[in-house]
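Everything on this sheet refers to the single structure shown next.
The values are calculated or read from the model by the stated rules, or taken from the named source; none is laboratory data. All figures in this text were calculated on a predicted structure; none of them were measured in a lab. Virtual Cβ from ideal backbone geometry, glycine too; neighbours counted across all protein chains shown. These accessible areas exclude ligands, DNA and RNA; they are computed on the full protein's heavy atoms, side chains included. Shrake-Rupley method; radii C 1.70, N 1.55, O 1.52, S 1.80 Å.
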Amino acid sequence: MFVVESIAIRGSSDRGDFAGSYVFGGRSAIVSGPNGTGKSLMLTAVAWCLGLEPIYGVGHSNNGVFPEAARTRLQLEGGTAYVSRSEAELVLRNRDGAQITITRAIAGDDSDFARVDLSEAGRSIQRLLAIKRHKMADRSGGLHAFLFDWAGLPVQRLHTRAGPTQPIYLENLAALFFIEQLNGWTDVQSLQIHRYGHIDVDAACVEYCLGLRTALGARRAVQDAEASEEQLRDRGRKISDDLDRLRIGLGLAEPVPRPRRL
């Protein structure tokens, strides 16, 4: 897994540069303060840098999840300042103690990609990774594929309502830790179920986060068996339909008996 080390937002305006940051002191923290001091902005920045803005119910790269102060204008002591560019920065640390810095534009630059700075083999490396829906399938340039590898998170797949399997996405897992002040927890998790169509994703994500690999494997085995059974039923229906067409072609009166479902 990984922990958040620090969060920052900075940018430029017609009245000069602006910046704000918060550094966490340990594995858990309680952030409190009056309205308008940036608590929600800080959490939004975390989600934004991880490409998790869909948990707010918007599409990727929709910076409308941020308040005006990070996108268009902010109030300074001298009056209103108009934002020309802004970005969010997130520093993460994995279980091995390695750190990465993820920087993503909010306004004024392309937000479809995030810049990731990391140290590897004694040298500093910078990568530009894509933030898009199928980022887990892009093993070389997708942000979430990189994060799963870097954090040592196993890729687990579930069946979908459409039939094929898809991996459990970071959006699915993050929804368990995200309690939105207006909609709460349930609505956010339900949104993920609707978006990706995973079967049993809510229970599977709990098992994933608790490390219950045996339970998760058993759940997938049941899904595999149900999918195989449905495929056999589809094949049986196709064979019956083919036999009916053959019967009609041969002029036979009696239909071919169809197998009953037990």
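Restricting to Cα pairs below 8 Å that are 6+ residues apart, what does the relative contact order work out to for segment 54-96? Please round to a whole percent. Please list the in-between numbers first.
Values: 24 pairs, mean separation 9.5, N = 43.
Worked out over segment 54-96, it gives 22 percent.
Let me have the 222 nm mean residue ellipticity of the chain computed from DSSP H runs of 4+ only, each contributing -39500 (n - 2.57), with the sum over all residues rounded to the nearest 500. If you can, show how the numbers build up before the last one.
Working: 7 runs with 87 residues, N = 262.
Mean residue ellipticity, 222 nm, calculated: -10500 deg cm²/dmol.
With the convex hull built on the Cα atoms of segment 1-131, state its orientation-averaged projected area in nm².
Working: hull surface 36.1 nm².
Dividing the Cα hull surface by four gives the mean projection, 9.0 nm².
Taking only protein heavy atoms into account and a 1.4 Å probe, give the accessible area per residue of the chain in Å². It would help to have the intermediate numbers written out before the result.
Working: 15060 Å² over 262 residues.
The answer is 57 Å² per residue.
Within 13 Å, Cβ to Cβ, of residue 201, how many net charges do the neighbouring residues add up to if Lys/Arg are +1 and Asp/Glu are -1?
Residues close to residue 201 contribute a combined charge of +1.
Under the 0.36 nm per residue contour assumption, what length would be gained going from the current alpha-carbon distance of residue 138 and residue 17 to full extension? Can you show the working numbers first?
Values: separation 121, 0.36 × 121 = 43.56 nm, distance 3.55 nm.
The residue 138-residue 17 span can extend by a further 40.0 nm.
Can you run phi through the Karplus equation (6.51, -1.76, 1.60; θ = phi - 60°) for segment 6-14 and list ³J(HN,Hα) in whole Hz, with x for Gly and Pro?
7, 9, 8, 10, 8, x, 10, 9, 6
Over the chain, what relative contact order in percent results from Cα pairs under 8 Å that are six or more residues apart? Numbers along the way, then the final one.
Numbers: 380 pairs, mean separation 33.7, N = 262.
Computed over the chain, the figure is 13 percent.
Sort 239-246, 40-47 for me by packing, meaning the mean count of neighbouring Cβ atoms within 10 Å per residue, highest on top. Each step should come with its number before you reach the end.
Details: 239-246: 12.6, 40-47: 19.1.
Packing order, densest peptide first, comes out as 40-47, 239-246.
Defining a contact as two alpha carbons under 8 Å apart and six or more residues distant in sequence, what relative contact order in percent does segment 12-112 show?
Working: 119 pairs, mean separation 26.0, N = 101.
Relative contact order comes out at 26 percent.
Give me the Debye-computed log₁₀ of I(q)/I(0) at q = 0.21 Å⁻¹ for segment 60-165, equal point scatterers on Cα only, no solvent, two decimals.
Treating every Cα as an identical point scatterer, log10 I(q)/I(0) equals -1.13.
Express in nm, to one decimal, how much length is gained between residue 214 and residue 40 on full extension, taking 0.36 nm for each residue of separation and deducting their alpha carbon distance.
Numbers: separation 174, 0.36 × 174 = 62.64 nm, distance 3.67 nm.
Extra length from residue 214 to residue 40 when fully extended: 59.0 nm.
Which trypsin sites (Lys or Arg not before Pro) from segment 36-102 combine a DSSP loop assignment with at most 13 other Cβ atoms within 10 Å? Intermediate results must be reported in sequence, preceding the final value.
On the way: sites: 39, 71, 73, 85, 93, 95; in loops: 95.
Answer in residue order: 95.
With the alpha-carbon atoms as the only input, what is the per residue convex hull volume for the chain in Å³? Don't skip to the answer; put the middle values down first.
Working: hull volume 49.8 nm³, N = 262.
Considering the Cα atoms of the chain, their hull volume per residue is 190 Å³.
Mind ranking 212-218, 141-147, 122-128, 202-208 by how tightly packed they are, going by the mean number of other C-beta atoms within 10 angstrom, highest first?
On the way: 212-218: 13.7, 141-147: 21.0, 122-128: 9.6, 202-208: 18.3.
Those peptides, ordered most packed to least, come out 141-147, 202-208, 212-218, 122-128.
Sticking with the crude label model, points 7 Å out along Cα→Cβ, report the distance from residue 99 to residue 75 in nm, one decimal please.
Calculated label separation equals 3.5 nm.
To the nearest 0.05, what FRET efficiency results for residue 58 and residue 160 with a Förster distance of 25 Å applied to their C-beta separation? Could the numbers behind the result be given before it?
Values: r = 22 Å, r/R0 = 0.88.
Computed FRET efficiency for residue 58 and residue 160 comes out at 0.70.
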